[in-house]
Amino acid sequence: MGYDYDQTHDRILKSAKDHFTEKGFSGASIRQICKDAGVTNGAFYAHFDSKEDLFSKLVEPVLSEMQNLYNDESQSYMEIHSANDIKNIMRQSFASNRLFIHYVYENADIFKLLIKSGSGTEFEDFVGKFAKEEAVNTEKFLEKCSQFIGNRSKLSKGLAKRISALIVSALFDGLLEDKTEAEAIREADLASEFCLAGLEHFLGI
């Protein structure tokens, strides 16, 4: 594809991001996106199949990279051979919030778009879906921990869900409350210290 194609593609994406941010996915129109991008509706369909495809193309590169980061971190949490490993992994897990918060703030416009304007797309309730995935992985982690802890009977899906909700909220709450990255990280660190102490006591390790 030539330079003109790439330039047009980028103009449409930029215009779409502005319109989706201002009006949400449902309220934005292809006609207005094209008008502000300086292209025809016909030119639009040379680049995107639909409004849904356009929204997807905006957010998927950022989501894909975050998923890669998440998968790398998650895999490292399953090497458990002792209660001490559990302590170290929990500390590592909460500390990794800093990495994810930094990534969220680096891509703040896209994450705000996902959370505030994703209704009506396949990305609707992005945070809730992410929390469910985290809950599944947390449950697997707790199952792996069970042979090394003193309070096995306290392990449950409910516990996994609550831990996961805390972790995921720490990633996005600061951004949605217009706090700085430093403020978001500081609050996440405080929450991590509180949770780590509670979990170590709760699990008897």
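The values are calculated or read from the model by the stated rules, or taken from the named source; none is laboratory data. If you're wondering where the values come from, they're calculated on a predicted model, not measured in any experiment. Positions of Cβ are backbone-derived with ideal geometry, glycine not excepted, and every protein chain shown enters the neighbour counts.
The listed residues are 143, 181, 122, and the only one of them that is more than 28 Å from residue 57 (Cβ to Cβ) and in the same structural domain as residue 80 (by TED's automatic domain parsing) turns out to be 143. Which members of the stretch 79-99 meet the condition of being closer than 28 Å to residue 181 by Cα and either in contact (Cβ under 8 Å) with a residue 12 or more places away in the chain or not assigned by TED's automatic domain parsing to the domain that holds residue 187 (or both)? Those that are closer than 28 Å to residue 181 by Cα and either in contact (Cβ under 8 Å) with a residue 12 or more places away in the chain or not assigned by TED's automatic domain parsing to the domain that holds residue 187 (or both): 87, 89, 90, 91, 92, 93, 94, 95, 96, 97, 98, 99. Is it true that some residue in the stretch 166-177 is in the same structural domain as residue 82 (by TED's automatic domain parsing), touching a Leu at 6+ places or on another chain (Cβ under 9 Å), among the aromatic types (Phe, Trp, Tyr) and in a helix (DSSP H, G or I)? Scanning the stretch 166-177, I find no residue that is in the same structural domain as residue 82 (by TED's automatic domain parsing), touching a Leu at 6+ places or on another chain (Cβ under 9 Å), among the aromatic types (Phe, Trp, Tyr) and in a helix (DSSP H, G or I), so the answer is no.
For the stretch 95-104, the criterion of a residue being out of contact with any Gly (no Cβ under 9 Å at 6 or more places or on another chain), farther than 30 Å from residue 22 by Cα, modelled with pLDDT under 95 and surrounded by fewer than 17 Cβ atoms within 10 Å (Cβ to Cβ) is satisfied by at least one position. Looking for something within 11 Å of the chain's Cα centre (by Cα), buried (at least 16 other Cβ atoms within 10 Å of the Cβ) and under 30 Å from residue 16 (Cβ atoms) - is there at least one such residue anywhere in the stretch 151-167? The answer is no, given that none of the residues of the stretch 151-167 is within 11 Å of the chain's Cα centre (by Cα), buried (at least 16 other Cβ atoms within 10 Å of the Cβ) and under 30 Å from residue 16 (Cβ atoms). Checking each residue in the stretch 32-79 for being of a type in the set (Phe, Trp, Tyr) and either within 30 Å of residue 164 (Cα to Cα) or in a helix (DSSP H, G or I) (or both) picks out 44, 55, 70, 77.
Among the helices (runs of 4 or more DSSP H) lying completely within the stretch 80-140, list those that include at least 3 residues that are touching a Lys or Arg at 6+ places or on another chain (Cβ under 9 Å) and of a type in the set (Gly, Ala, Ser).
none
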